[in-house]
Amino acid sequence: MPATDVRQQLLRLFREAGGQHVSGARLSRELGISRAAVWKQIELLRARGYRIEAERSRGYRLLGGPDRVTPEEIRSRLGESLVGRRVVCFERTDSTNLQALRLAEQGAEEGTVLIAEAQDAGKGRLGRSWLSPPGVNLYTSIILRPEIPPWDAPQMTFLAAMAVVRAVEEVCALSPRVKWPNDLLLGGRKVAGLLSELSADMDRVRAVVLGIGLNVNMSPEQIPSTLRYPATSLAIEGGRNYSRIDLACAICRHLDALYRLYRERGFEPVRLAWEANCDLIGRRVEVSCGEGTLRGRVRGIDGDGALLLDGPGGGVERILAGDVRPLGTDPGEQATKEH
Ligand code: BTN
């Protein structure tokens, strides 16, 4: 068994022991390696910041670990999940999306997850950059290979958004709202952004890279006032820090479940779940898009993930890309175009 798998199994056994001691003999037996080899791997875990107590008569006990996202930590908690079957972690990289696209081109398997402690060239939507300071947030990209045509690929962003919503609900007991096309908000401020990128032939997707930037433990001082939009973090909203490992694992598990659902029943259940978590349905908004500015009342999203606005004369405007801003409540107003 490779050394990383041994450490992953050690962490799993410690976790299953629920804070109790596990004897060296049992670890050696379960892992099929000598007690000296167990000791060596425990030392390596300690070097990575795990606090592991050793008692001659009782064995080893895990007292705590660093909130460092490592392949061993994630893999040891995920079991049979397709999402996260392979995990690649970077101390620092340009952009996990760029790395994921490179890996996908080289044939990386579906479900590969890339995570960075920091990004030097974090990418946002519409050529913008994504603030990526070290050690506080989650910057992750997930490679999927759905058997769909390229024009259905935007659906995957909504799948990823719902996975993040559910992960945040589970780990933090906070309820983010989704904002079209790819933002998550808490208290009206942006807490996460998603950027999906594609590698495709004319009629077939080769790989979708789902990029997720989640502001986890960033403090108010770490959020520049120069950002284009009001931003926040889970810690700011929840009043305490959260484990990035718990969040990364929860995102993988929820994405895995939603991806299975998507393959069995298509986009409709995901579309409905997304709309149920969107505060803008039925509200008046202004959308800045390629052709100018559009105003109207949000009806929802369609099967392609396009935003539907109720337009003048009962028509519906279909918007594929743009930035949405809520407007005040004027009951009479319907969609108007301002070019
Ligand atoms: C946006 O709201 O504009 C999308 C932001 C997406 C940021 C994430 S961080 C992980 C992944 N790697 C990147 O370079 N971008 C995405």
Flagged in region 253-297 as out of contact with any Pro (no Cβ under 9 Å at 6 or more places or on another chain) and within 14 Å of Asp323 (Cα to Cα), in numbering order, are Val287, Ser288, Cys289, Gly290, Glu291, Gly292, Thr293, Leu294, Arg295
The number of residues in region 249-269 that are touching a residue at least 24 places away in the same chain (Cβ under 8 Å), more than 19 Å from Arg86 (Cβ to Cβ) and either small (Gly, Ala, Ser) or in a helix (DSSP H, G or I) (or both) is 4
For region 112-143: of the residues being within 25 Å of Leu258 (Cα to Cα) and among the small types (Gly, Ala, Ser), which is nearest to the ligand (Cβ to nearest atom)? Gly124
Every listed condition ((1) away from the ligand (no atom under 15 Å from the Cβ); (2) open to solvent by less than 60 Å² (accessible area, probe 1.4 Å); (3) farther than 19 Å from Ala273 by Cβ) holds for Arg204 save (2)
Could you list, in sequence order, the residues of region 125-167 that are polar (S, T, N, Q) and in contact (Cβ under 8 Å) with a residue 24 or more places away in the chain? Ser132, Asn137, Thr140, Ser141, Gln155, Thr157
Are there any pairs, at least 6 apart or on different chains, whose C-beta atoms fall under 6 Å, with the first in region 112-124 and under 14 Å from Arg85 (Cβ atoms) and the second among the polar types (S, T, N, Q) and outside any strand (DSSP E or B), and if so, which? Leu114/Thr96; Leu114/Gln99
Among strands (runs of 3 or more DSSP E) lying entirely in region 19-103, which contain 2 or more residues that are more than 22 Å from Leu247 (Cα to Cα)? 51-55, 59-64
Is it true that Ser57 is open to solvent by 40 Å² or more (accessible area, probe 1.4 Å) and small (Gly, Ala, Ser)? yes
With respect to Ser288, is the statement that it is under 25 Å from the mean Cα position of the chain (by Cα) and open to solvent by 30 Å² or more (accessible area, probe 1.4 Å) true? no
Could you tell me how many of the residues in region 200-248 are part of a helix (DSSP H, G or I) and over 20 Å from the mean Cα position of the chain (by Cα)? 3
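The values are calculated or read from the model by the stated rules, or taken from the named source; none is laboratory data. Model, not experiment: these values are computed from the prediction. Every residue, glycine among them, receives a Cβ derived from its backbone with ideal geometry; neighbour counts consider all protein chains shown. These accessible areas exclude ligands, DNA and RNA; they are computed on the full protein's heavy atoms, side chains included. Shrake-Rupley method; radii C 1.70, N 1.55, O 1.52, S 1.80 Å.
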